[in-house]
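Comments concern the structure below.
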Amino acid sequence: MTSLTQVHSHKDLLYPLRRWLEEIEIQSPQLAHLLCKAIPAQCPFERDVKLFGRILFHIPPMCKLNPLYEEVVGLRFKALCYLADKCGEDVTAYC
């Protein structure tokens, strides 16, 4: 199966890091819990920084700034699946 990262590997300087993140196997509940706590469930909201009612600058959603966002979210999903499928835990607290 060809993944999205394989298609863009010849132009992507972050390809080795993308591939490393995709290949991480979740093998312990401790690691899975850590990843679920550390990686947010949703993209943080964008904000306007204001001073005296005037917008100084705009901060875009953080996911748009992270070139590895899809891989990190995929890693969180793997951790959630591990906890639900292998450990039989209720993961609704992380959703």
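A short reminder: the numbers here are calculations on the coordinates, not readings from a lab. Here the structure is a predicted model, which means the values were calculated and not measured. Reconstructed Cβ throughout: ideal geometry from the backbone, glycine too, with neighbour counts over all protein chains shown.
Some observations on this one:
- Isolated Cys in the chain, by beta carbon distance under 4.7 Å: Cys36, Cys81, Cys87, Cys95
- Estimated from helices alone, the mean residue ellipticity of the chain at 222 nm is -11500 deg cm²/dmol (sum of -39500 (n - 2.57) over DSSP H runs with n ≥ 4, per residue).
- Extending 7 Å from the Cα toward the beta-carbon at both Asp90 and Leu17 defines two label points whose distance is 3.8 nm.
- Considering only Val72, Leu14, Pro40, the residue lying farthest towards the positive end of the dipole of region 12-74 is Pro40, judged by Cα position with unit charges set on Cβ.
- Taking all Cα pairs closer than 8 Å and separated by 6 or more residues, the relative contact order of the chain comes to 30 percent.
- When each of Arg19, Arg47, Arg76 is scored by the number of other beta-carbon atoms lying within 10 Å, the sequence from fewest to most is Arg47, Arg19, Arg76.
- Among (1) 1.42; (2) 1.37; (3) 1.19, the entry that matches Cα Rg over 2.2 N^0.38 Å as calculated here: (2)
- Here region 4-94 is assigned +1 on the Cβ of each Lys and Arg and -1 on the Cβ of each Asp and Glu. Its dipole about the Cα centre then comes out at about 420 debye.
- Total lysine pairs whose alpha carbons fall under 20 Å of each other in the chain (8 or more apart, or interchain): 4
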